[in-house]
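Step one of this worksheet: look at the structure below.
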Amino acid sequence: MGSQGNITHVIFDLDGLILNTEILYDVAIQKILDRFDKSYTYDLKMKVMGMKYHKSMELIQKELDIPITAEELVTESMSNLKELFMKCDTMPGAEKLIRHLKKHGIPMCIATGSSSKDFELKTHSHKDMISLMEFTVRSDDPEVKHGKPDPDIFLLAKSRFKTPPASSANCLVLEDAPNGVKAALAADMKCVMVPDPRLENIPPAHVVLKSLEDFSPESFGLPPF
């Protein structure tokens, strides 16, 4: 991993990057689709990953042409997810990296496609770790006009740091989803992607890793472990 510039601020995605929630969405959505003999395929998942949740349900409903509305999909899937969210684990290397950056005074935040309600459920068992963030930006924030892959959420996050970065190029986004990577690049930020190992078409992130355990902070001008 060569030098990737001077990073001063770090922006984390949540689902599939800090918390192992993506598999929970698979289970909750497939449970609904089973009634209609439809499958939540990997290709479809990659299309919706990182989007605002209601927007993703609209796309699933349209792609699979199932006889329920996007609103009904949201309601039923969230009912299935509530209990699952309370038990979700952290992804390998995530907590170690967050605590390391906090120890060295690196400003961090979370920018997530999750709504505030979902965010609270998912992070219920991880409040100590999440509290190390300067702030979080969620999909239902009134200033997030468009979800990923648009850059709105990352540009808003940049503007909310107490000590703003000199430029977007000094921000590092950590993502697992193609839409998130596209949003980070559209915001002119550096991006590290930790994709699902099944993903075939990897977007042009600056660095692609198998796990956050493989992340080298010094490659981005950050303090080494």
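The values are calculated or read from the model by the stated rules, or taken from the named source; none is laboratory data. Treat the numbers as computed from the prediction; the structure is a model and nothing was measured. Note that we place each Cβ from the backbone using ideal geometry, even for glycine, and neighbour counts take in every protein chain shown. These area figures cover heavy atoms from the full protein model, side chains too; ligands, DNA and RNA do not enter into them. Shrake-Rupley method; radii C 1.70, N 1.55, O 1.52, S 1.80 Å.
For (1) crowded, with 24+ Cβ neighbours inside 10 Å; (2) free of Cβ contacts under 8 Å to residues at least 40 places away in the same chain, each residue gets a yes or a no:
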| position | (1), (2) |
| --- | --- |
| D141 | no, yes |
| K148 | yes, no |
| R160 | no, no |
| A169 | no, no |
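Is it the case, given these coordinates, that P165 is in contact with a Cys (Cβ under 7 Å, 6 or more places away or on another chain), touching a residue at least 12 places away in the same chain (Cβ under 8 Å) and more than 22 Å from L19 (Cα to Cα)? So P165 fits the description; yes. Going by what's in this entry, would I11 be described as under 30 Å from A166 (Cβ atoms), open to solvent by less than 30 Å² (accessible area, probe 1.4 Å) and not in a loop (DSSP other than H, G, I, E, B)? When the stated conditions are applied, I11 passes them. Filtered by the rule that a residue be touching a residue at least 24 places away in the same chain (Cβ under 8 Å), open to solvent by 30 Å² or more (accessible area, probe 1.4 Å) and either of a type in the set (D, E) or in a strand (DSSP E or B) (or both), segment 189-225 gives K190, D196, E213, D214. Within segment 75-88, the set of residues being in contact with a helix residue (DSSP H, G or I) (Cβ under 9 Å, 6 or more places away or on another chain), open to solvent by 30 Å² or more (accessible area, probe 1.4 Å) and either farther than 20 Å from H124 by Cα or in a loop (DSSP other than H, G, I, E, B) (or both) comprises E76, M86, K87. The residue pairs whose first member lies in segment 95-112 and is open to solvent by less than 60 Å² (accessible area, probe 1.4 Å), whose second member is of a type in the set (S, T, N, Q) and at pLDDT 95 or above, and whose beta carbons are closer than 6 Å, counting only pairs six or more residues apart or on different chains, are I110/T136. Close Cβ contacts (under 9 Å, 6 or more residues apart or on different chains) running from residues in segment 18-35 that are more than 22 Å from D65 (Cβ to Cβ) and surrounded by fewer than 20 Cβ atoms within 10 Å (Cβ to Cβ) to residues that are β-branched (V, I, T) and modelled with pLDDT of 95 or more comprise N20/T90. For segment 14-44, a residue qualifies if it is in contact with a Leu (Cβ under 7 Å, 6 or more places away or on another chain) and in a loop (DSSP other than H, G, I, E, B), and the qualifying residues are L17, K38, S39, Y40.
Determine, yes or no, whether K47 is surrounded by fewer than 20 Cβ atoms within 10 Å (Cβ to Cβ), part of a helix (DSSP H, G or I) and modelled with pLDDT under 95. Answer is yes for this residue.
Of all the listed residues (V173, V181), the sole one being in a helix (DSSP H, G or I) and of a type in the set (A, V, I, L, M) is V181. Within segment 52-63, the set of residues being open to solvent by less than 60 Å² (accessible area, probe 1.4 Å) and touching a Leu at 6+ places or on another chain (Cβ under 7 Å) comprises M57, I60, Q61.
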